[in-house]
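The next block holds one structure in the form of structure tokens; read it before the comments.
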Amino acid sequence: MQHTSCTEDRIHHALQRCLHGLGRDPSSTDTWTVGLCMNRWSLEELVNRDPGNFLILLQQILKRTREVQVNSEYVLVAPLALMFFSTLLRTPYFPPDCTLLKEACEIYHSFLTWPEPYCSVCRDLLTFIQQELKAPGISYQRLVREEQGLTTENHPRKTITVLLMNPADVPKEYLSIADQLSTVEHSQRDSYITLIKHAYQCTFGTKYSLKDIQKTLESKELEELVEIFSASTEILETASALEDSDKSREFVQRKLGELREKAGIPAENGNTPAGVKSSSTIQTLPLPIAKCHTYHWDKDNFDVLNEILHSECDLPPNTLAEPEEEELDDEEEDIEDEVEINNHRASTFSTTSKDSMFSTYSLASNCSMPSALSVVSGVDSDFCEDMDEDSRHEKQSKAKPKLKKRISMLFKSKSSQSLRRTESLGNPESKNNFPVKSRSNSLPQQACLMRAERQSLKTTCFRRRPFLSCDDDSKATTLRVVVFGADQISGKVARAYSNLRLQESGCPRLTRYFRFQFFFIPVKRNSSCPSVPGSFPNSVPDSPMRPAAPMELNPPGLEDSTNDIAHYIGMLDPWYDRNILSLLNLPIGVLCQQASKIETDSFNNSKQRLPILADMVLYYCRHAAHTALVQLYQAELTLAGGERRTEVFIHSLELGHTAGTRAIKASGPGSKRFGIDGEREAVPLTLGIVYSKVSVSSRSQWNNVEKVCTSVNLTKACRRPEELDSKMECLQLTMTEVLKRQNSKSKMGYNQQMNTTQVKVDKVQLTGSNSTTFAVCFDQDEKKILQSVTRCEVSVCYKPENSILWRFRRKRLFQEQPPHPEFCSLLCLPISTFSGALP
């Protein structure tokens, strides 16, 4: 029997608690799981008490990782790798005879054959370990340098953290913590001293006294201190570029020894009398608080980030106003991943598997449009982004390099069809162009396709990617955008991200200097209105995909605001669910209280206490290195005056009585004067509804109905594990239909019989009959309600691509190019997660 110390037993138990319950059924509502999000924080508290505890925890993690490998416990791979990463980052010193890192390389190397995202997480960890073997402590040095803005001539990278929150939607305690993070300042002098001390301790251990180093460096001028810091940085960076790890460590030891003599740092045991053992010990140097900027934000744009550009980049105004000569084609950047060419469900929303970013649609020749409809496929659709029309006109008038223009014309597909607005969904002029045939096993085709072209096999390649590149390492500054809020705020982020893309396409400003990372922290918008699980009492399961008794996280209509997007990300990434989403279950008093730990702040020699929420936010920003792509949707609206608008949403679109009720509630005191009626008292609307229904067979079935409804709501179907498959991604169409209405001359009309129907759809068009107008609300946002709408067309956000550039970038991934391909990108919002989306 192996004997262990009390500390080892406690660390082992704390580690097991961190992993307990990961991957459990999301429908589980056990109350005793509320505090699980605190286990990782508690484990770090325990380890920080003694520098030797870091090695114990690393040993325990490797032991548990071996068990995971033997038992094939997929869900625990990423959490264990992340905990190994964060522990190794803070480990102050590895003795020369310690073999933990080499053992870790052997263990995690075996996970490279596992599917995504596990192999990617382990690959990143192996790269991190190799860097530490060559230059001890270099990852700590890089993180602190970037977060504190300590740049050198050869290493100008910086990381800026921006906290965005709306005071009306978050508790005042959150605002207080954000202000506390923003007011923390560390002098550059103290930061230089700490990093130099860290470099010597990670390399030599207790050979040199940190007190002597501190005393020597404090006596030097700032210019000399900067030279010593720059020299130590170059030593570590040069060593990390070498091939052999043993030679790299010898190089670091030799060069740091020479730098010590040049800087006048005392030799080993310099202040210790002969024959007396050195009293210097290993010290834990905590990670300093990252520099943060807090802004009160409730807009549909990121204009507030321009202040960061002026304050942090120190650029002259005329530099920011000059457009680049070369057109910024940020949309050609995509997520690097494997390619899988399969025949997926023939639908606009058919995308790819979680470990693939491509899908292929084969459009057969013997196909025609469905009865009374001239709808189109995802590429040939009328649902092309109207928001891009202005930018396209600007790009056409803008002078382009001749070589690029010639190349694009050389490889331009002659068979490509231009989009025709006159042949949009439901246009009566295009209904009789071709004979109507029954076609249940393929997509409805565009009515304008010529007979000769329909005889040729055409292939459409789709890929999921963000609007803007989030993996471009060429930019020196990384901008972390941390947003607090519920689904209403996530909708603002989606629209702001879409507007940012349009602004940057013409004259790049923010994307010219920043690499964006988006972080989403859910907050209960109205804490006094708890979540009430349940379902519609009169709902009729109109889709075979829907179970008989669903358990929904946030049923529509029961709350003013939901957190479905955060729950969706939590189902994709269990570690996000455990450490970020579970914060919703903690009382605000517990989450925002000052931490019990007291860390010695080496920058100002004072005691500093960090709130638990602040610690969680910094952990999320530092370790969430993978993105989950959340699909965006667009609604093309036609107003009563004939004006056409295109709006973007991410979670929900509410139409009719639901949108009107939300507008009345947002009027504040005026809501008492207007009164808020229920669905029974609502005035029904006669709507023509055309939708593409998603079935179990993974095929689309078009339906054209006319219903008398009080409300029609579209919500992202993301509440059940089976809805995580991107090939089955769809919207939940909820129609509250009036079956019988009682009208009276003396009393207000009353909807006597009502029925709620839910259908999974991937495209829908709603038209008011007889000039009927209705209100539309996006993402539960009271400030995003449009009145007097007569027509609404909803589909995914996508954009046709330049096929030649796509071929050049993906040529190595295809054994054989598909014939006459069409290229189209499904545009998504990248949210940073710990492991990315699970397969």
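Taken together, the values in this text are just the output of simple stated rules run on the coordinates, not laboratory data. Bear in mind the structure is a predicted one, so any value in this text is a computation, not a measurement. Cβ sites come from the backbone with ideal geometry, for glycine too, and all protein chains shown count toward neighbours.
Each listed q (0.12, 0.14, 0.19 Å⁻¹) maps to a log10 I(q)/I(0) for region 633-796 from the Debye sum over equal C-alpha point scatterers, namely -0.55, -0.74, -1.28. If you wrap region 85-214 in the convex hull of its Cα atoms and look at it from every side, the mean projected area works out to 11.7 nm². Here the extension length gained between residue 783 and residue 639 equals 50.1 nm, from 0.36 nm per residue of separation less the Cα-Cα distance. Taken along the Cα-to-beta-carbon direction at a fixed 7 Å, the label points for residue 187 and residue 748 span 6.8 nm. Residues in region 134-162 near a label at residue 262, defined as backbone nitrogen under 17 Å from the 7 Å Cα→Cβ point? Under cut-off, by backbone N: 152-155. In a simple Cβ point-charge model (Lys, Arg +1; Asp, Glu -1; nothing else charged), region 633-796 has a dipole of about 460 debye relative to its Cα centre.
Stretching residue 154 away from residue 666 to a fully extended chain increases their span by 179.0 nm, per 0.36 nm per residue minus the current alpha-carbon distance.
Which pairs break 26 Å Cα to Cα here: 102/247; 134/291; 215/247; 475/716; 492/693? Present the calculation step by step, with values, prior to reporting the outcome.
On the way: 102/247 16 Å; 134/291 29 Å; 215/247 31 Å; 475/716 34 Å; 492/693 28 Å.
The answer is 134/291; 215/247; 475/716; 492/693.
May I ask which residue of 700, 721, 642 lies farthest towards the positive end of the charge dipole of region 633-796, with charges of +1 (Lys, Arg) and -1 (Asp, Glu) on Cβ and the Cα centre as origin? Result: 642, furthest along the dipole toward the positive end.
With only alpha-carbon atoms in the gyration tensor, what are the semi-axes of the equivalent ellipsoid for region 14-166, in Å, largest first?
Details: eigenvalues 145, 95, 59 Å².
Ellipsoid half-lengths, sorted descending, are 27, 22, 17 Å.
Fewest neighbouring Cβ atoms within 10 Å first, the residues 186, 20, 623, 651 line up as 20, 623, 186, 651. A simple spin-label model places pseudo-atoms 7 Å from Cα toward Cβ; at residue 296 and residue 224 they are separated by 4.9 nm. Exposure proxy for 42, 232, 311: other Cβ atoms within 10 Å of each Cβ, ordered fewest to most, give 311, 42, 232. Model label points for residue 281 and residue 306, set 7 angstrom from Cα along the Cα-to-Cβ axis, are 5.5 nm apart.
With r defined as the distance between the Cβ atoms of residue 69 and residue 17 and R0 fixed at 22 Å, what FRET efficiency is calculated, to the nearest 0.05? The value I calculate is 0.55.
Would you calculate the convex hull of the Cα atoms in region 142-211 and tell me its volume per residue in Å³? Could the numbers behind the result be given before it?
Working: hull volume 8.9 nm³, N = 70.
Spread over its residues, the Cα hull of region 142-211 gives 127 Å³ apiece.
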